[in-house]
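Each remark here refers to the structure printed beneath this line.
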């Protein structure tokens, strides 16, 4: 459950995983929650079964207090574990941005990758840094009094500081790495 005092930082996004099509975990921002390769294999199997049975990619799996969000980019599956309190459109925007940044940063490795996970050793630190930055931004936003009741892009609400920005301006603000 997501609760905090005014000084405590909440982890709205608890993990980010990058999984290849064979179910190998290339990187996990929070590998201490459970064995990342076991989790990656399960999530890749879930994605593959969903695609096979339903004819489309899985987007979200909901639990009582958490959600898993999925974005498939080529041969890679990007998955976040988040609090249910976080609006899905924000999660998908952040996950899409994370996947684009990861693909850009590791493009040369991915193009010549032969299966060795050692090439992605530094990727966990990068994902952890991105995860921490995203959680700081989300804590700043969610600590605003209107955050629980107002959609961040509702331009009809003048009391919402994010609404005064265009969607593109907000996307730049939540950038994972400075442009």
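Structure data summary
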quantity: Rounded Å value of the spacing that divides the Cα centres of region 77-123 and region 52-74; calculated: 15 Å
quantity: Region 47-133, relative contact order [Cα under 8 Å, separation at least 6], %; calculated: 15 percent
quantity: Theoretical gain in end-to-end length, residue 62 to residue 118 [0.36 nm per residue, Cα-Cα removed]; calculated: 16.9 nm
quantity: D_trans [Stokes-Einstein, Kirkwood Rh over alpha-carbon pairs] for region 28-99, 4 °C, 1.567 mPa s, µm² s⁻¹; calculated: 101 µm²/s
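Laboratory data are not the source of any read-out in this text; all were calculated from the coordinates shown. As the structure is a prediction and not an experimental result, all values here were calculated from the model.
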